[in-house]
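What follows is one structure encoded as structure tokens, with my remarks underneath.
We did not get these values from a lab; they are worked out from the coordinates using the rules stated. Being a predicted model, the structure only gives us computed values, none of them experimental. With ideal geometry, Cβ positions are generated from the backbone for all residues, glycine too; neighbour counts draw on all protein chains shown.
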Amino acid sequence: MAVADIQSRARESPRSVTAVLSVIGYILVVGAFTGVLPFPEISRDAVILLGDAIAVVNFFALTAILAGVYFIRTDQIRKHRAAMLTAFALIMVFLVLYLTKVGGGFEKEILAEGIVWGAYIAMLGVHILLSAVSVPVVLHAVVLGLTHTPAELRETVHAKVGRIAAAAWSLSLFLGLVTYVMLNHIYMWTPR
């Protein structure tokens, strides 16, 4: 199937493409967490290194999203597109690193108590919820953006979905970075 055929089908049915891609993403994450998908076992040091790499990737993804928001607000459409596609590419890198870390290694559990533990768990919970909710809205915005011209996008839900995606995605990434710092640089952790 040619790229033009794929783009044409995605253009005709962006919601279906979004749904299929979202389900694939959810299956990969659940498969990694449950051990259903086979991943090569990695060392403790590799888990730590991947955690650090994930934080760096997420920082740059958040930076790209915020730049993309600025660019669209200042009517710099080409720069907006480049920034958002950069953010999306970085999230794909994150997904590979994260699946490898979780599927082949382990998750970390913070060694904190009381209000610190509660704040950490609350932020982590919101981060995870927003990450899950962000998947279809981000994918829908990307699918629309890749299959329509800027003029055509004005006739779609791209702007509305894009605002929701940018807000949820940005907050999720920010909270992920805060919990990363708490877990890895302020408090101790243990493998879960």
Of 43, 22, 131, the one that fluctuates the most in a GNM where the chain has Cα springs shorter than 10 Å: 43
Computed over the chain, Cα set: Rg, Dmax in Å: 18.0, 57
10 Å Cβ shell holding at most 15 others, DSSP loop, GluC sites (Glu not before Pro): longest site-free stretch of the chain: 42-106
Cα lying deepest toward the dipole's positive end in region 1-144, options 16, 91, 57, charges on Cβ: 16
Computed Kirkwood radius, in angstrom, where 1/r is averaged over Cα pairs of region 46-138: 14.9 Å
Estimated distance in nm for a label pair at residue 13 and residue 119, the labels positioned 7 Å out from Cα along Cα-to-Cβ: 4.9 nm
Aspartates and glutamates whose Cα lies under 17 Å from that of residue 108, excluding same-chain neighbours fewer than 8 positions away: 41, 45, 52
Lys, Arg +1 and Asp, Glu -1 on Cβ, resulting dipole of the chain about Cα centre, debye, nearest 20: 520 debye
